[in-house]
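Engineer: Got a structure for you, written out below as structure tokens; questions coming shortly.
The values are calculated or read from the model by the stated rules, or taken from the named source; none is laboratory data. Fair warning: this is a prediction, and the values are worked out from it, not measured in the lab. Cβ sites come from the backbone with ideal geometry, for glycine too, and all protein chains shown count toward neighbours. When the accessible area is computed, the model is the full protein with side chains, heavy atoms only, and any ligands, DNA or RNA have been set aside. Shrake-Rupley method; radii C 1.70, N 1.55, O 1.52, S 1.80 Å.
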Amino acid sequence: MDEKKQELIDRYIKDEMAAEERRQFEKLLSEDAELQEQYEFTRQLQEALKSRMEKINLMKQWEDEEAEPAVQKAGHRKTLWRIVASVAAVVVISVSLYMFIQPSTQVKMPSLNESYGDVYRSSGELSQVKNLILEKRYAEALQMIDSLEKWTQVDEKNGVKATMSDEERERIQYEQEVELQEADRLKWLKVYALMGLERREEALQLLDELRCSNGIYQRKADSLYRLIK
Amino acid sequence: MNIKLRLHEYSDAAFVQGVKNQDPVIQKCLYLHCKKYFSEHYRAVFFAPDDVRDDIFQNTYMALWENIERGKISVKDGVVTGKEEKPLTCSLMTYMMSIAELKYKEITRQNEREDRFADLEARNSRLFREPAEQSDWFPDDERAGKLEAISDCIAVMSERCRQILTLFYAENKKLDEMLSLLPTFTSKDALKTAKNKCMAKLRATSKGLYEERKKM
């Protein structure tokens with residue numbers, strides 16, 4: 001490598017030449033192939049070194065950004081946990097408030113089809129009431145129940161008498177049993193209608209009656225009573 | 001308050017395109033991704049002590065970065081492509097690890113010799129006769145090929161030479177300024193001579209490397 005030529009090249013690329021000297025060098029560059037090759041190599045070397053230096057500096061910067069001091073990192077982690085804890089607290093309080101304000105809507109009533117339809121074939125009117133409840137027409141269902149209740153009251157005056165024959169006694173007892181079952185069935189449907197209308201206390205009262213009797217809904221009423229309570 | 005969020009992961013094509021576009025977020029993300037992948041997988045490729053491993057990674061990542069900048073790998077229709085715009089046959093991480101393997105070989109061969117520039121012919125025949133994969137990477141452009149050869153030689157040259165040339169050409173320092181930074185040199189002339197020697201060696205080596213790669 002020609003050191004004198006290299007010195008010229010170095011002064012040229014570092015912009016240390018005066019205008020006239022610069023012009024003369026450029027003329028020489030166009031005429032001397034060896035100088036051209038040496039100049040080209042120097043330019044490429046400079047480009048490669050600058051590129052390498054920039055990349056190394058960036059890589060160091062990224063390393064520094066990632067390798068924060070342990071205290072700072074712990075501080076950031078604490079801050080993050082505080083934020084997470086605050087958000088969690090807000091969520092818990094909101095859910096609790098929502099549950100407190102809207103207690104009745106939280107009760108998941110058992111399916112009416114399952115809880116009602118398994119015991120006995122029911123009358124047409126009761127089926128109508130059941131369908132109204134399934135369609136969430138609770139007010140109409142309650143109205144119908146109230147009118148049906150007047151008709152299903154057990155007439156105790158027409159109960160079993162000592163003078164009756166066995167057959168007659170059996171027939172009356174059977175009829176009373178059917179009436180009681182109808183009454184319980186109506187009460188059960190009424191519970192659903194009342195819960196649908198969010199009349200929780202009345203529903204609980206009815207359930208208490210059902211669970212205290214020996215009727216067909218005793219166990220179901222007891223479970224549902226506890227669930228609503 | 002500076003809360004860091006987890007960096008988003010990108011596809012290979014998104015990484016390559018992002019680095020090509022000099023997107024600072026993607027550049028950093030790729031660096032961290034490569035570093036993590038390298039640290040988890042380098043033992044399957046080679047064994048090296050920690051300081052050598054870190055040098056290998058730095059040179060590897062730099063080579064990958066420059067390959068993207070120079071268009072050796074690029075993105076076409078959402079697919080990462082290599083030479084002649086053919087789709088890359090491996091993942092970007094596998095590509096990086098193959099570069100790492102080559103860098104490892106270069107560094108270990110360098111460590112075998114005291115003066116790696118003394119026996120140029122032996123060096124060209126052993127050090128740079130790399131597997132066939134290298135031929136796939138050889139750029140069509142002559143200037144790009146020479147630049148790449150220079151970059152590769154800078155990566156493995158002696159730290160002393162690299163420091164002198166970086167101060168003079170990359171940081172644009174004058175010889176007077178460099179004397180205060182390099183106390184082992186007592187005069188400007190001695191420093192100038194050392195600089196020119198480093199350049200001469202680098203020029204010869206890079207030229208040899210370039211010619212060697214052209215033959216493959």
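Engineer: Can you work out the Karplus-derived ³J(HN,Hα) for every residue in the range A:215-229? Use 6.51 cos²θ - 1.76 cosθ + 1.60 with θ = phi - 60°, whole Hz, and x for glycine or proline.
Structural biologist: x, 5, 9, 4, 5, 5, 5, 5, 5, 5, 4, 5, 5, 6, 4
Engineer: Can you give me the C-alpha center-to-center distance between the range A:1-63 and the range B:139-165, rounded to a whole angstrom?
Structural biologist: Centre-to-centre (Cα) distance: 14 Å.
Engineer: For the pair A and B, how large is the buried accessible area, both sides, in square angstrom to the nearest 100, if the probe is 1.4 Å?
Structural biologist: Accessible area lost upon association: around 3900 Å².
Engineer: Averaged over its residues, how many other protein chain Cβ atoms are within 10 Å of peptide A:49-58's Cβ atoms?
Structural biologist: Mean number of neighbouring Cβ atoms from other chains: 6.
Engineer: Let me ask something else. From the P(r) of the range B:7-53, can you give the percent of Cα pairs sitting at distances over 16 Å?
Structural biologist: Working: 491 of 1081 pairs.
That fraction is 45 percent.
Engineer: Still on this structure, please answer the following. Determine, for each peptide in A:45-55, A:183-193, A:197-207, the mean count of other beta carbons within 10 angstrom over its residues, then list the peptides with the highest first.
Structural biologist: In descending order of packing, they fall as A:183-193, A:45-55, A:197-207.
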